[in-house]
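This report concerns only the one structure given below.
The values are calculated or read from the model by the stated rules, or taken from the named source; none is laboratory data. The structure presented is a predicted model; accordingly, all values stated were derived computationally and were not measured. Neighbour counts are summed over all protein chains in view; Cβ atoms, including those assigned to glycine, are modelled from backbone coordinates with ideal geometry. The accessibility values were calculated without ligands, DNA or RNA, using every heavy atom of the protein model including side chains. Shrake-Rupley method; radii C 1.70, N 1.55, O 1.52, S 1.80 Å.
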Amino acid sequence: MAVDGIDFAWWLVDLGENHLVKEVEVHPAGSGAHFLFFKDIEVRLGLSSVTDGNFSSWTLIDAFLGPPSSLGSVIKFALPESLCGRYVSVKRT
């Protein structure tokens with residue numbers, strides 16, 4: 001998630017249509033110690049598209065302070081119950 005010169009890197013997944021979402025799994029990748037940059041992450045769920053990186057109106061699924069314990073770790077972001085949404089954001093805070 002760390003990008004040179006960008007403090008709050010983010011990416012967005014469009015599920016194509018509304019789905020019930022209970023959990024999002026993220027597999028931080030990279031070679032060497034790059035996975036250590038995957039920290040201070042928020043995952044949110046929304047119904048309408050956002051292109052400016054401001055996902056504050058979306059439902060917070062979960063947050064991860066990180067970094068992962070090892071390369072190949074799977075990070076699970078879970079809701080207490082399923083919610084409907086089309087877009088999932090992953091953003092460094």
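With respect to residue 37, determine if the residue is surrounded by 13 or more Cβ atoms within 10 Å (Cβ to Cβ) and over 11 Å from the mean Cα position of the chain (by Cα).
On the way: surrounded by 13 or more Cβ atoms within 10 Å (Cβ to Cβ): yes; over 11 Å from the mean Cα position of the chain (by Cα): yes.
Yes.
Can you confirm whether the range 8-20 contains a residue that is aliphatic (A, V, I, L, M), over 21 Å from residue 84 (Cβ atoms) and in contact with a Lys or Arg (Cβ under 9 Å, 6 or more places away or on another chain)? So far as the range 8-20 goes, yes, one or more of its residues are aliphatic (A, V, I, L, M), over 21 Å from residue 84 (Cβ atoms) and in contact with a Lys or Arg (Cβ under 9 Å, 6 or more places away or on another chain). Among the residues that make up the range 70-91, is at least one of them modelled with pLDDT of 95 or more, at positive phi, loosely packed, with under 13 Cβ neighbours inside 10 Å and not charged (D, E, K, R)? No, the range 70-91 contains no residue that is modelled with pLDDT of 95 or more, at positive phi, loosely packed, with under 13 Cβ neighbours inside 10 Å and not charged (D, E, K, R). Scanning the range 50-69 for residues that are open to solvent by 70 Å² or more (accessible area, probe 1.4 Å) and in contact (Cβ under 8 Å) with a residue 24 or more places away in the chain returns a single hit, 65.
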